[in-house]
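Student: First the structure, which I've put down as structure tokens, then a few questions once you've had a look.
Taken together, the values in this text are just the output of simple stated rules run on the coordinates, not laboratory data. It should be emphasised that the depicted structure is a prediction, and the values quoted were computed from it without experimental measurement. Here the Cβ positions follow ideal geometry from the backbone for every residue, glycine too, while neighbour counts run over all protein chains shown.
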Amino acid sequence: MESLLETSSSMLFTAFILYLVATFFFGFTIKDKTSEEKRSGFAGKLAITLTIIGLVAQLVYFITRWMASGHAPVSNMFEFVTFLGMCLVLAFIIIWFIYKFNLLGLFALPIAMIFIAYASMFPTEISPLVPSLKSHWLYIHVTTVALGSGILFISFVAGLIYLIHGINQSERNARTVSLEIVLYIIFLIIGFVVISSVFGAMNYNATFEYDLNGKTTQTEYNLPAIAAPYEGNLLTENVMEPWFDTPEWMHGADAGRKFNSVIWSFIVGTLIYALTRLVLRKRIGAAIQPMLKNVKPDLVDEINYRSVAIGFPVFTLGGLIFASIWAQEAWGRFWGWDPKEVWALITWFFYAAYLHLRLSRGWHGEKSAWLAVIGFGIILFNLIVVNLVLAGLHSYA
Amino acid sequence: MKHIKCECGHVNPEGTVLCEACGKPIEENQYIDGNDKKKLLNMRYEGSARRSTTYNKTVVDKVWNFFSSVKVAVWLIVIALIASGIGTILPLEQYIPMDAISRDPAIFYPETYGLFGKIFYQLGFHNLYSSWWYLILIASIGVSLVICSIDRFVPLYRALKRQKAKRHESFINRQRLYSETESVLNDEIQTVKERLEKNRYRIKEEDNHIVAEKGRFSRWGPYVNHIGLIIILVAALIRTIPFFYMDDYVWIREGELRVVPGTNGEYYIENHEFILDTYSEDDERFKDAIAKQGMIIPSNFQTNATIYKAKDAEVLGAEEDHEKVGDFQISMNKPAKFGGYTLYQQGYQLNEFSKMTFKLYEMNDPEADALGEFTIDLFDPKSEYELDNGFKIEVTEYYPDYSLTENGVTSKTNDSNNPAFIFNLHMPENEDSETSFVGDVIGSAEKLGIDTSVVELKPMGDVIGTFAATVPGSEDNQYKILIDSIQFDRKSGLSVKRDYTLPLFVLGAIIFMIGVIQGMYWQHRRVWIHPKNDGILLAGHTNKNWFGLKKDIEKVIEGTSIKMVEDQKEDE
């Protein structure tokens, strides 16, 4: 049992490292393409091979963890976000074999890695399934949703490449700033991962006592408390005193801790971003742009559309149809306007609008790329904000 | 209606842009699809006559044109998704937590969320998804779906059905993929034709004019998926009719036999046992997570029940009149299904108080000799209890489900989940009386760290009572009333549903998925061969994936003298 779990987590780590190495090799293909050769080159082939081995390693993680827990490891935030990263890699591999487009890997794999790293910031213990989750539909619904989302993420990656490639960086305007904000948000997530890992390695802990709906509850901070829970008392000694209280209107369990994490992510993310800007002396977008000068925008646009075309039906099936069937089986209502359900519907509406705008009103190229970026934002909102803030049936972290 | 006769002899309906038969552009209507400004023809709807682009005079025309616009449809979708998003910021009315300050939305939202909560409530977002304006929005999307589909499908179907192999030259040379070859041998044309057939193109010929066509059905994909969505919306509408959708709830104690509500007295349920299983803290796999969460995690909620059918619905009562339908183990994700009804395990109450026995003591009696006792049946509480020795206990206040909030003392529900009493004790010897507060056993159990939602109090019923609060009304109280023992009931909450609209939803979903796949993963490709003098004009059209069509054409003309088509796509 223990050894299974050990195998499992070391396999996840292996996969992470392999994706990292593969990213570098995808990076080497930038020069490759300048020669305009059809053959995808040694670096590209090596990179995709490494990616596939990485995916296999992650599959081993998935299977061994399943064996250890007795249920599919998609039942808490750590497991689900990790799985989402895996689906993104799988979708990337499929798209790679259709288009043989190496640069996609240079962006897709780091995003998958950020997913896995972000997931690891949540409790990684195997948690038991509560009765409502004990259903085969757990596997069917969750895996299909994740797969659909993973494919839709590729459209974001393609959109991002399109925008970085295409937006004129010589002046500061709404487009360059918007693109820079998108990149900045990625830095914020990295900031969260970095700071959580640092204090996680130190086993930092500060416990607070606060009032939750009339009951005195304890909450554990794993980051030094900048914002304490509203009217909370610090119980742990010899740790940093909080600077201020979380505002009263932020409700729910652990609102203070979550707000504190957000503050830290902003501080550290902004710091890393500022340092990067200082070194580069230009916008991040402008710095990456030259690497993409050989990108064919038509191809990237096609990948953007193709991944929505594949991802949308898969998402519909998993996020709405299978979800409804399960909800009917468990609660006798296939639709209950739970925040998670509503946001799945919003995601669906959004990509439906994307398809209508593209197929019937000719929104190609940059417009499509922006839509793909917004779509990614909506899915992430449903994953992070809805789970952690707008708690409902799906709040599992 | 004005008809337009083309030079090929075909009579087209008013508003036609390209002749349905030969494709010749009809001069006066070119502005409709914007063909007058471009070299290439707009082939989206085959230049067919759509109502929305033809008439714009009457109110009906205006309404029709409004709803048939994709732009309007997208705006409706955008508004719907923004509104839906706002609706998720705060919990809906039905999700107001049980332990909220008040379950009255008028109090809950402003009290819990301040000004924003007040605005949220006053704008009706607390029941957004059943508010009239949200329903109008969704209905408008439905109307838009229907009108968009009819507006385009009917003429498109006509145009594709009536198309001829022989096309007008101006139709051919204004296609995106086009080439002209001066001289072509007949054999070569034959070869191309055979290869096209081998590639599963259907060939139609007329005076040596050829059209090869493939995958026309994919053009219907969007309309098919819209039909699926319309069916789903209709199903949602029908579901509001009580006959089609019934929803009820029953609480049933262990050992109890009750009629299943909503079945018109047709079915009865007997609860043999309610089972609550929890994960063991010693479980090898989960012990870390359980320790970290610091609470008991349930693994199964189950009601073992028997369902009976009344032999004659008119005669209610004794068990002999019932015919057994079957034994069911109803648990989460495993509902019981019988006679069109479904029972879902939905809730439970481990510690419902059924009887409480109290004892009366003198205030500072070191011997603790009870002066008397009385028992309150919580399903039938009396207003007065007289003891043998002449003491009289008057129940001045009874809170079945006691809770202390900022607004004072209330009873959250009318179920005896956490009884509390204010007693007025009348002495036998004189007119004096004194008050005391007794109860809130759940509160005191929770103070001891017992999670009463998963832990049964039954085994410790006698002990737990002694921890409960007894607050004398004043400092000079001479007597105290203590809880002596408690009887608990375990009850199970089952929701009862009957939904005749489910098959309709399933049908809608299946049709939607078929439509999406049909429209998305196939393409409608056509290749025209148009003889001209000794040579031919070659043209191709597809509704998407031009690259694929180019490859097809490349393959079929390989080795012939026919020139490869050129992509005439203009730079926009």
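Student: Round to the nearest 10 and give me the degree value, 0 to 90, for the angle of helix B:546-557's Cα axis relative to the longest principal axis of chain B.
Tutor: The two axes meet at around 40 degrees.
Student: Along the principal axes of its C-alpha atoms, what lengths does segment A:207-258 span, in descending order and rounded to whole Å?
Tutor: 29, 18, 16
Student: A follow-up question, please. Could you list the GluC sites (Glu not before Pro) in segment B:71-175 that lie in coil according to DSSP, counting only those with at most 16 other Cβ atoms within 10 Å of their Cβ?
Tutor: none
Student: Residues with beta-carbon under 11 Å from that of B:Phe379, excluding B:Phe379: net charge, scoring Lys, Arg +1 and Asp, Glu -1?
Tutor: On the way: positive: B:Arg253, B:Lys355; negative: B:Glu352, B:Asp377, B:Asp380, B:Asp415, B:Asp489.
With Lys, Arg at +1 and Asp, Glu at -1, the net is -3.
Student: May I ask you to list the lysines whose Cα is less than 21 Å away from that of B:Lys311, ignoring any residue fewer than eight positions away on the same chain?
Tutor: Output for B:Lys311: B:Lys324, B:Lys337.
Student: Take the alpha-carbon centre of segment B:258-299, take the same for segment A:242-307, and report the distance between them in whole Å.
Tutor: Between the Cα centres of segment B:258-299 and segment A:242-307 lies a distance of 43 Å.
Student: Over chain B, how many percent of alpha carbon pairs lie in each 10 Å bin up to the one with the longest distance?
Tutor: 3, 11, 15, 15, 13, 10, 10, 9, 6, 4, 2, 1, 0, 0
Student: Still on this structure, please answer the following. What is segment B:245-349's relative contact order, in percent, from Cα pairs under 8 angstrom and six or more apart in sequence? The partial results should precede the final answer.
Tutor: Numbers: 176 pairs, mean separation 21.4, N = 105.
Relative contact order here is 20 percent.
Student: Considering the dipole of segment A:170-281 built from charges on the beta carbon (Lys and Arg +1, Asp and Glu -1) around the Cα centre, which of A:Thr236, A:Trp249, A:Ser261 is farthest to its positive end?
Tutor: A:Ser261
Student: In the neighborhood of A:Arg306, defined by Cβ-to-Cβ distances under 15 Å, what is the net charge if each Lys or Arg adds +1 and each Asp or Glu adds -1?
Tutor: Net local charge, A:Arg306 excluded: +1.
Student: How many angstrom separate the Cα center of segment A:44-73 from the Cα center of segment B:338-389?
Tutor: Each part's Cα centre sits 58 Å from the other's.
Student: Can you give me the Kirkwood hydrodynamic radius for segment B:172-314, using every pair of distinct Cα atoms, in Å to one decimal?
Tutor: Details: mean 1/r = 0.0414 Å⁻¹.
That comes to 24.1 Å for segment B:172-314.
Student: For a test of the definition: using alpha carbon positions, the gyration tensor, and the 1.5 limit on a/c, classify the protein assembly as shown as rounded, prolate or oblate.
Tutor: Cα axes put the protein assembly as shown in the prolate bin.
Student: Are there any trypsin sites (Lys or Arg not before Pro) in segment B:14-122 that are in a DSSP loop and have at most 13 other Cβ atoms within 10 Å? List them by number.
Tutor: Qualifying residues, ordered by number: B:Lys38, B:Lys39, B:Lys57.
Student: Separate question: Cut-off is 10 Å between beta-carbons; in what order do B:Met564, A:Met11, A:Met291 appear when sorted fewest neighbours first? Show your work: numbers first, answer last.
Tutor: Details: B:Met564 13, A:Met11 20, A:Met291 16.
In order of increasing Cβ crowding within 10 Å: B:Met564, A:Met291, A:Met11.
Student: Another one. Is the shape of segment A:109-238 best called rounded, prolate or oblate, per the rule: a/c under 1.5 gives rounded, else a/b larger than b/c gives prolate, else oblate, with a ≥ b ≥ c the square roots of the Cα gyration tensor eigenvalues?
Tutor: Numbers: a/c = 2.49, a/b = 1.38, b/c = 1.80.
Here segment A:109-238 falls in the oblate category.
Student: Using amide H atoms built 1.01 Å from N in the peptide plane, name the residues 5+ places from A:Trp335, or on other chains, whose amide H lies under 5 Å from its own.
Tutor: Amide H neighbours of A:Trp335: none.
Student: I'd like to know which of B:Tyr113, B:Val74, B:Pro91 lies farthest towards the positive end of the charge dipole of segment B:3-161, counting +1 on Cβ of Lys and Arg and -1 on Cβ of Asp and Glu.
Tutor: B:Val74
Student: Hey, got the dipole for the protein assembly as shown? About the Cα centre, +1 on K and R Cβ, -1 on D and E Cβ, debye to the nearest 20?
Tutor: Charge dipole, the protein assembly as shown, about its Cα centre: 8780 debye, nearest 20.
Student: Could you work out the relative contact order of segment A:200-295? I mean the mean sequence separation of Cα pairs under 8 Å and 6+ apart, divided by the number of residues, in percent.
Tutor: 21
Student: If you don't mind, another one. Too long at a 25 Å Cα-Cα cut-off: which of B:Lys198/B:Lys551; B:Lys57/B:Lys569; B:Lys2/B:Lys544; B:Lys5/B:Lys214?
Tutor: Cα-Cα > 25 Å for B:Lys57/B:Lys569; B:Lys2/B:Lys544; B:Lys5/B:Lys214; rest within.
Student: Could I ask something else about it? Shape call for segment B:1-65 from the C-alpha gyration tensor, a ≥ b ≥ c root eigenvalues: rounded (a/c under 1.5), prolate (a/b greater than b/c) or oblate?
Tutor: Here segment B:1-65 falls in the oblate category.
Student: Can I ask one more? Going by average Cβ neighbours within 10 Å, how do the peptides B:530-537, A:155-162 rank, with the highest at the top?
Tutor: Highest-to-lowest ranking by the protection proxy: A:155-162, B:530-537.
Student: Choose one answer from A:Gln58, A:Gln289, A:Gln218: the residue with the largest mean-square fluctuation in a GNM of chain A with alpha-carbon springs under 10 Å.
Tutor: A:Gln218
Student: In terms of modelled amide H atoms, which long-range or inter-chain residues lie less than 5 Å from the amide H of B:Tyr268?
Tutor: Here the answer is B:Val260, B:Tyr308, B:Lys309, B:Ala310, since their amide H atoms fall under 5 Å of that of B:Tyr268.
Student: Under DSSP H, which helices of chain A have Cα atoms covering 27 Å or more of the helix axis and a Kyte-Doolittle average no less than 0.0?
Tutor: Length and hydropathy pass: A:2-34, A:41-69, A:77-99, A:136-166, A:174-201, A:255-280, A:339-361.
Student: Please list B:425-435, B:218-228, B:353-363, A:301-311 highest first by mean number of surrounding beta-carbon atoms within 10 Å per residue.
Tutor: Packing order, densest peptide first, comes out as A:301-311, B:218-228, B:353-363, B:425-435.
Student: On to the next question. Filter the chymotrypsin sites (Phe, Trp or Tyr not before Pro) in segment A:177-273 down to the DSSP loop ones having no more than 15 other Cβ atoms within 10 Å, then list what survives.
Tutor: A:Trp243, A:Trp249
Student: Further question on the same structure: About the Cα centre of chain A, how large is the charge dipole given +1 on each Lys and Arg Cβ and -1 on each Asp and Glu Cβ? Please answer in debye to the nearest 20. Before the final figure, lay out each step's value.
Tutor: Working: 25 positive and 25 negative charges, 359 e Å.
That gives chain A a dipole magnitude of about 1720 debye.
Student: Treating the angle as unsigned and between 0 and 90°, give the value, to the nearest 10°, between the Cα long axis of helix B:132-162 and the longest Cα principal axis of chain B.
Tutor: 20
Student: Whole-Hz Karplus ³J(HN,Hα) for segment B:474-482, in order, using 6.51 cos²θ - 1.76 cosθ + 1.60 and θ = phi - 60°, x for Gly and Pro?
Tutor: Along segment B:474-482, the couplings run 8, 5, 8, 4, 8, 10, 10, 10, 10 Hz.
Student: Could you derive backbone 3J(HN,Hα) for segment B:298-303 from the dihedral phi with the Karplus parameters 6.51, -1.76 and 1.60 (θ = phi - 60°), listing whole Hz in sequence and x where the residue is Gly or Pro?
Tutor: So the J values, rounded to whole Hz, are x, 10, 7, 10, 8, 10.
Student: Continuing with this model, one more query. Once you charge only the Cβ atoms, +1 for Lys and Arg and -1 for Asp and Glu, what is the size of the charge dipole of segment B:245-349 about its Cα centre, to the nearest 20 debye?
Tutor: For segment B:245-349, the charge dipole is close to 360 debye.
Student: Using Cα positions and a limit of under 29 Å, work out the lysines in reach of A:Lys215, with same-chain residues fewer than 8 apart set aside.
Tutor: Correct list for A:Lys215: A:Lys258, A:Lys340, B:Lys118, B:Lys287, B:Lys292, B:Lys355, B:Lys412, B:Lys447, B:Lys458, B:Lys480, B:Lys491.
Student: Right, something else. Give me the inter-chain shielding for B:70-81: mean count of other chain Cβ atoms within 10 Å, whole number please.
Tutor: Mean inter-chain Cβ contacts per residue within 10 Å come to 4.
Student: Still on this model: Amide H to amide H under 5 Å from B:Ser299: which residues, 5+ apart in sequence or cross-chain, H placed 1.01 Å off N in plane?
Tutor: B:Asp277, B:Thr278, B:Tyr279
Student: Please report the spacing between the Cα centers of segment B:53-70 and segment B:128-190 in Å, no decimals.
Tutor: 19
Student: Given contacts defined as C-alpha pairs under 8 Å and at least six residues apart, what's the relative contact order of chain B, whole-number percent? Don't skip to the answer; put the middle values down first.
Tutor: Values: 1060 pairs, mean separation 103.7, N = 572.
Relative contact order here is 18 percent.
Student: Rounded to the nearest 0.05, what FRET efficiency is calculated for B:Leu448 and B:Asp282 with R0 set to 22 Å and r the Cβ-Cβ distance? Numbers along the way, then the final one.
Tutor: Numbers: r = 23 Å, r/R0 = 1.03.
My answer for the efficiency is 0.45.
Student: Hey, which aspartates and glutamates would be in cross-link range of B:Lys563, C-alpha to C-alpha under 19 Å, not counting anything within fewer than 8 residues on its own chain?
Tutor: B:Glu169, B:Glu180, B:Glu182, B:Asp187, B:Glu188, B:Glu194, B:Asp534, B:Asp552, B:Glu554
Student: Counting only helical runs of four or more DSSP H residues, what would the 222 nm mean residue ellipticity of chain B come to if each run contributes -39,500 (n - 2.57) and the total is spread over all its residues? Mind dumping the intermediate values first?
Tutor: Numbers: 13 runs with 168 residues, N = 572.
Calculated from helices alone, the mean residue ellipticity at 222 nm is -9500 deg cm²/dmol.
Student: Now for a separate question. Which of A:Tyr19, A:Ser196, A:Ala225 sits farthest toward the positive end of the charge dipole of chain A, with +1 on the Cβ of Lys and Arg and -1 on the Cβ of Asp and Glu?
Tutor: Towards the positive end, the residue furthest out is A:Tyr19.
Student: Given a Förster radius of 60 Å and the C-beta distance between B:Phe379 and A:Phe199 as r, what FRET efficiency does 1/(1 + (r/R0)^6) yield to the nearest 0.05? Let's see the in-between values first.
Tutor: On the way: r = 55 Å, r/R0 = 0.92.
Plugging the Cβ-Cβ distance into 1/(1 + (r/R0)^6) gives 0.60.
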